[in-house]
Structures are given as structure tokens and as C-alpha cells.
Amino acid sequence: MPALTVRNLSKNYGSLVALDGLDLTVEAGQVFGLLGPNGSGKTTLLAVLLDVLHPSGGSFTWFEGREGENVRKRIGALLETPNFYPYLNADQNLSIVASIKRVSSPVPDALLELVQLKERRRSPYKTYSLGMKQRLALAACLVGDPDVLILDEPTNGLDPEGMVEVRHIIQKIAAQGKTIILASHMLDEVEKICSHVAIIKKGRLLAVGAVGSILSDQPTVEAGAVDIEKLFQLLSSAALVKKITRSGNYLILELESGRNPGELNRLAFEHGIILDHLILKRQSLEVEFLEITRQ
Amino acid sequence: MNPLHLLKLEWKRYWPNGTFRMIGALYASSFALVLFLARAAGRNMTFTSNGVTSHPLAGLFVYPQNWELLACIGSWMNVFLLGSLGVFMITMEFSNRTLRQSVIFGMTRLEVAVSKLVWSVALALAATGLYILLVFGWEVLDGWGLGLPLAGSVASFFLQALGYLFLGTLAGLFIRQTAPAVLAYLAYVFILETVCRWVFYFYVAKTRLLLFLPNQVLWALTPLPVPESVNHLVHSNAFIKPLSPAEADLTALVYLGMFAMLFCRRIVKSDL
């Protein structure tokens with residue numbers, strides 16, 4: 001069952017087009033990544049879906065429109081930065097969220113344990129570090145056990161340790177089978193967490209599908225030799241190489257469908273070139289993303 | 001949409017806030033202080049004529065005029081403090097980005113708007129309750145015995161308190177930043193409307209309709225309780241006949257409805 005269906009959605013700010021006829025379907029249970037460079041329209045899309053912004057055209061429905069007006073009480077969302085009352089502590093802020101979602105307060109200990117804020121639950125929000133604020137926002141998303149989570153750049157501004165913490169929390173939530181829509185410009189993050197991905201740029205949908213289907217089947221090979229120039233000349237005209245680029249002292253090679261690095265090694269050896277570096281790399285989302293957004 | 005639920009929600013948001021408590025305390029304490037000063041002035045301002053010592057405004061300090069006098073004193077607290085509180089309630093939400101966050105957490109836009117209006121009604125009721133308690137206190141302290149509240153004064157005080165709260169929330173909603181919004185609110189209440197009224201009066205038309213401008217109506221809800229002779233003198237020489245209490249009450253009700261609708265419409269229609 002689709003958790004979200006978006007049809008021809010657009011949003012304009014005067015002459016600036018933030019969303020341009022976007023079509024998208026997110027099935028229940030998917031961990032759906034929204035990828036795009038800064039300013040591509042990810043946050044605008046989520047803001048429209050959460051009723052913070054009004055769309056200029058098109059439509060969207062949550063749960064096929066079966067939940068009526070209260071549908072957003074079944075959605076937990078973190079949009080841009082965490083926003084809470086600075087003079088209230090974690091318990092008080094989450095109690096407000098619980099009241100909005102019409103669930104019983106006080107907030108369960110397990111929730112604060114999950115986001116590692118149990119020790120600081122009575123401290124005012126304004127005394128929290130950025131990581132703690134982000135974790136409180138995640139806890140707020142989970143109040144009322146929502147069916148869908150919308151997370152917009154959830155690791156933004158965090159130090160590496162904080163990023164890992166938040167990522168682990170998201171992975172734990174995803175393991176519970178919840179639908180997650182995760183917007184990020186951090187490809188590594190999306191690749192690690194998401195099952196499906198949509199790539200948008202300038203408000204337009206460029207690609208959508210399972211992460212595996214977005215990635216090319218063919219691996220990337222990194223090769224090096226003492227005479228790198230001779231290797232480059234050989235492989236530039238070789239039939240098994242689809243694309244060749246230089247990267248420092250190595251060549252990055254995209255092989256033709258059905259070819260493998262062994263054939264590459266043999267070809268080089270037959271032409272008197274001994275490879276001193278040969279690494280098979282899985283095609284990364286980053287390469288695909290750059291390829292798609294360059295179009 | 002359960003108004004009681006929305007009221008509880010707003011209580012959780014605002015009651016722990018330091019600025020909110022400070023403005024509330026200032027309202028209560030300055031209201032009581034002005035009353036105390038008025039009592040003191042009432043005792044000391046006496047004159048002797050034909051061997052009889054009396055107070056020139058003696059009639060104001062006894063029941064039932066004391067209800068009107070205190071409403072008049074309270075109107076200054078309403079215009080300054082309740083109006084500013086109305087501004088702060090909204091701009092605080094914008095500066096913390098918690099208004100949009102409430103929508104993100106699942107409130108409908110209409111629920112957000114109605115919760116602010118319900119909270120404003122509760123605050124206006126609290127202010128009216130304080131007004132009633134202060135008059136009772138005054139009556140007891142001065143040993144008059146408890147005089148029943150004047151229904152008209154109490155209703156008008158409530159309408160005025162709510163009116164200035166609504167005006168403040170509207171200024172906060174349209175301007176979104178506390179200092180500019182408070183300045184705009186005070187400028188409108190004390191300068192802009194009066195200037196517009198006089199310009200229109202002298203250069204366009206000498207019409208009584210000018211008394212039906214929002215602040216004129218809210219201010220007319222608690223007129224200074226002057227002795228009947230003075231009142232007659234003022235009325236007979238006025239450029240325009242002042243609003244009667246009934247006119248002021250009814251027009252204030254219409255304005256309150258308009259303010260509430262404008263407030264809801266703005267929140268429902270605009271990007272947050």
C-alpha cells in the first residue's frame with residue numbers, strides 16, 4: 001500500500017521554481033531517500049508534504065487519503081533544524097508533542113533511552129548540544145509510534161560521533177518496519193540507510209527506484225602501473241572498457257557489461273604492462289548521483 | 001477540536017515562560033499599585049467649602065462608580081500589557097519556529113489558530129477575574145461591604161482585555177518580530193489611528209463613523225467615570241456625540257469576530 005502518493009506537485013516563489021511537477025510514490029515500509037544537491041527542492045517538498053508550505057499546483061495524499069484530517073498525527077517529522085521551546089526541558093517539550101498527537105504523556109523512558117537523553121531529561125533545551133537537540137527531535141518524531149518518519153538532513157551539523165549515533169538510531173527505527181523518508185545531500189548516509197532513492201535537482205525528479213537499480217550493474221575498477229601513460233593508451237582503445245578517467249596515479253575504469261577485471265589484467269599483461277594496482281570497487285551512489293545530476 | 005484540550009496545550013507552552021510570567025506579574029502588580037495610589041489620592045484630595053470638607057471626585061470612590069473607575073484604570077494595563085503580551089505570544093512562537101513545528105507535529109493550521117484564540121479568551125477572563133477581585137478587595141479594605149459587580153463594567157472590561165490581546169496577536173502574526181511588532185501595535189493604538197481620525201475629520205468628513213475605528217471602540221468600552229454634570233457638559237459640547245456603552249459593546253463584539261477571522265485566515269492561508 002502506498003504511504004505517500006505525489007502527483008505533479010509544484011511550488012513557486014515568484015519566478016523561482018522550487019518544485020516542478022514532481023511525481024513520486026513511497027510504499028509503506030520503504031526507507032526512501034531523497035537525494036539532491038543543496039537548493040534542489042528536498043526541504044521544500046517535505047515542507048509541502050507536512051502542510052508548512054502550500055503547493056502552487058498538483059496534489060499529494062497520505063495513506064491513499066484514508067486517514068482524513070488527522071493523518072499528520074501518524075507522521076513523525078524533523079524538518080531542517082530541531083525546533084523546541086528553549087526554556088522547557090526534554091520531558092516538557094515531548095509532553096507538548098504528546099498532547100498534539102493526542103497520546104498519553106508522560107513520555108516513556110524507553111524513548112529517551114533510545115535517543116540517550118534520559119540523564120538530561122530535566123535540563124532546559126537551551127542547554128543542549130546540537131547533537132542532543134537533534135536526538136530530542138528524533139525522540140519527538142517517535143512520540144505516538146508514528147507509521148511514517150520524515151527526516152530532513154538528520155545529521156546536519158553533527159560531529160562524526162553524533163552522525164554515527166543518529167544513523168544508528170535511524171537504522172534501529174527502520175528495523176521496526178516503519179516507513180522512513182530521509183532527505184539528505186550526504187550520499188553515503190542515504191546509501192547506508194535507504195532501500196529506495198529519488199534524485200531531484202532544481203525541483204525536478206531525475207531518477208527514482210531501489211538503490212540497487214539506481215546503481216549500475218557494472219563494477220568500477222581502479223588500476224595502476226609503473227607506466228601509467230602506456231596503460232592509459234592501451235585501455236583508451238580497448239573494447240572491454242566503457243569509460244576511462246584519471247585519478248591521480250591511477251585510472252578509474254568502467255567496464256562494458258559482462259566484462260570483468262581478470263580480462264583487464266590479462267590484456268595488460270599481453271601488452272607487456274604489469275599492473276601494480278588493481279582494485280574492484282562497487283559502483284557508489286556518489287558516482288551515479290554525480291552522473292545523473294550532471295545531465 | 002476540543003477547546004479544553006487546546007487550552008491545556010497552550011498552558012504547557014506559556015506558563016513556564018519567564019517573559020509570560022513577568023508580564024502577567026507586572027499586569028497584576030501595576031493594576032494593584034495604581035488602585036492603591038488612587039485610594040490614597042482619593043483620601044488626600046479634599047477641599048473645604050462653607051465649613052464642609054469634601055472630595056471633588058468623591059463620587060468616584062464609592063459603589064457603584066468604583067467599578068467603573070477601576071475598569072478605567074485597568075484599561076491602561078490592558079492596552080499596554082495585555083496588548084504586548086498578545087504580541088509576545090505570537091512572536092515568541094515565530095522566533096523559536098514553534099508555530100510551524102506544531103503543524104509539523106500534526107496540528108492542523110486551524111487548530112493552531114484556534115488554540116491561540118482560546119488562550120487569549122482565557123487570559124482575558126483571568127484579567128477580568130483580577131479586576132473583580134481588586135474591586136472586592138478595595139470594598140472590603142475601605143469597609144464598605146461587598147457591592148455586587150456592575151455587569152456592564154465587567155463585560156466591557158472583558159471585551160476590552162480580549163480586544164487588545166487580539167490586536168496584539170494580529171500585530172505579532174503580521175510582523176513576526178517582537179520589538180517591531182510591539183512598536184507597531186503601540187504606534188497604531190496611540191498615534192496612527194488618532195492621526196488618521198483627525199485628518200479625516202478635518203479634511204474629509206465630520207462623521208460619527210470615525211468613532212467606530214477599532215481602537216476608538218476598545219477605548220470607549222471603559223470611559224472615565226466623571227460626574228453626571230461633567231458628562232453632560234462634555235457631551236453637549238463634543239464635536240461628535242461619544243459612543244454609548246451599548247454601541248461600544250456591540251461594535252467591539254463585531255471587531256472581535258473580525259480579528260479572530262483575520263487571525264485564523266492568516267494562519268491557514270500563509271506559508272509558515
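Table for the structure above
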read-out: Net +/- balance of residues flanking A:G41 in space, Cβ distance below 9 Å, scoring K and R +1, D and E -1; value: +4
read-out: Helix A:90-100 axis, angle to chain A major axis (alpha carbon atoms, nearest 10°); value: 80 degrees
read-out: Accessible-area composition of segment A:135-203, carbon plus sulfur, in percent [1.4 Å probe]; value: 50 percent
read-out: Global form of segment B:80-206, assessed from the alpha-carbon gyration tensor, a/c cut-off 1.5; value: oblate
read-out: Extent along principal axes [Cα atoms of segment A:95-173; Å; largest to smallest]; value: 35, 29, 19
read-out: Per-residue SASA entry for B:V182, accessible area with 1.4 Å probe, Å² rounded to 10; value: 30 Å²
read-out: Most to least accessible of B:Y201, A:Y13 (protein chains only, probe 1.4 Å); value: A:Y13, B:Y201
read-out: B:F212 paired with B:M258, simple spin-label distance in nm, labels 7 Å along Cα-to-beta-carbon; value: 0.9 nm
read-out: Positive minus negative residues near A:I200 (Lys, Arg vs Asp, Glu; Cβ under 10 Å); value: +3
read-out: Heavy-atom accessible area per residue - segment A:1-68, 1.4 Å, Å²; value: 39 Å²
read-out: Helix-only [θ]222 nm of the protein assembly as shown, DSSP H runs n ≥ 4, -39500 (n - 2.57) each, per residue, nearest 500; value: -16000 deg cm²/dmol
read-out: Over 46 Å [Cα-Cα, the protein assembly as shown], rounded percent; value: 37 percent
read-out: Karplus (6.51, -1.76, 1.60) ³J(HN,Hα), θ = phi - 60°, over segment A:38-49, in Hz, Gly and Pro reported as x; value: 4, x, 7, x, 4, 5, 4, 4, 5, 4, 5, 5
read-out: Calculated Rg and Dmax of chain A using C-alpha coordinates, Å; value: 23.3, 75
read-out: Inter-probe distance in nm under a simple model that places probes 7 Å from Cα toward Cβ, at A:L16 and A:N260; value: 5.2 nm
read-out: B versus A: buried accessible surface, summed, Å² (probe 1.4 Å, to nearest 100); value: 2700 Å²
read-out: For segment B:199-205, Karplus couplings with θ = phi - 60° (6.51, -1.76, 1.60), whole Hz, Gly/Pro x; value: 4, 4, 4, 7, 10, 10, 7
read-out: Karplus (6.51, -1.76, 1.60) ³J(HN,Hα), θ = phi - 60°, over segment A:23-37, in Hz, Gly and Pro reported as x; value: 10, 7, 10, 10, 7, 4, x, 6, 9, 9, x, 10, 10, x, x
read-out: Nonlocal amide H pairs with A:A77, under 5 Å, H built at 1.01 Å; value: A:I150
read-out: Among the listed pairs A:K172/A:K201; A:K73/B:K269; A:K73/A:K202, those beyond 26 Å (Cα-Cα); value: A:K172/A:K201; A:K73/A:K202
read-out: Area of B:L213 that stays accessible when all protein chains are in place (1.4 Å probe, Å², to 10); value: 50 Å²
read-out: Convex hull volume per residue for segment A:75-124, taking Cα atoms only, in Å³; value: 88 Å³
read-out: With all protein chains modelled, accessible area of B:K241 [1.4 Å, Å²]; value: 130 Å²
read-out: With Cα atoms, 0 to 90° folded angle of helix A:285-294 axis to chain A main axis; value: 90 degrees
read-out: Inter-part distance where segment A:23-60 and segment A:146-205 are each reduced to a Cα centre, Å; value: 14 Å
read-out: Order of exposure, largest accessible area first, which applies to B:C196, B:C72 with probe 1.4 Å; value: B:C196, B:C72
read-out: For A:Q30, distant residues with modelled amide H under 5 Å away; value: A:I180
read-out: Cβ-Cβ FRET estimate between A:T61 and A:K172, R0 fixed at 35 Å, reported to 0.05; value: 0.75
read-out: Accessible area, probe 1.4 Å, largest first, for residues B:K206, A:K73, A:K192; value: B:K206, A:K192, A:K73
read-out: Where Rh is the Kirkwood radius over Cα pairs, Rg/Rh for segment A:1-69; value: 0.97
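The values are calculated or read from the model by the stated rules, or taken from the named source; none is laboratory data. Quick caveat: nothing in here was measured; it's all calculated off a predicted structure. Here Cβ is always computed from backbone atoms with ideal geometry, including for glycine, and neighbour counts include all displayed protein chains. Remember, those area values only see protein heavy atoms, side chains included, never the ligands or the DNA or RNA. Shrake-Rupley method; radii C 1.70, N 1.55, O 1.52, S 1.80 Å.
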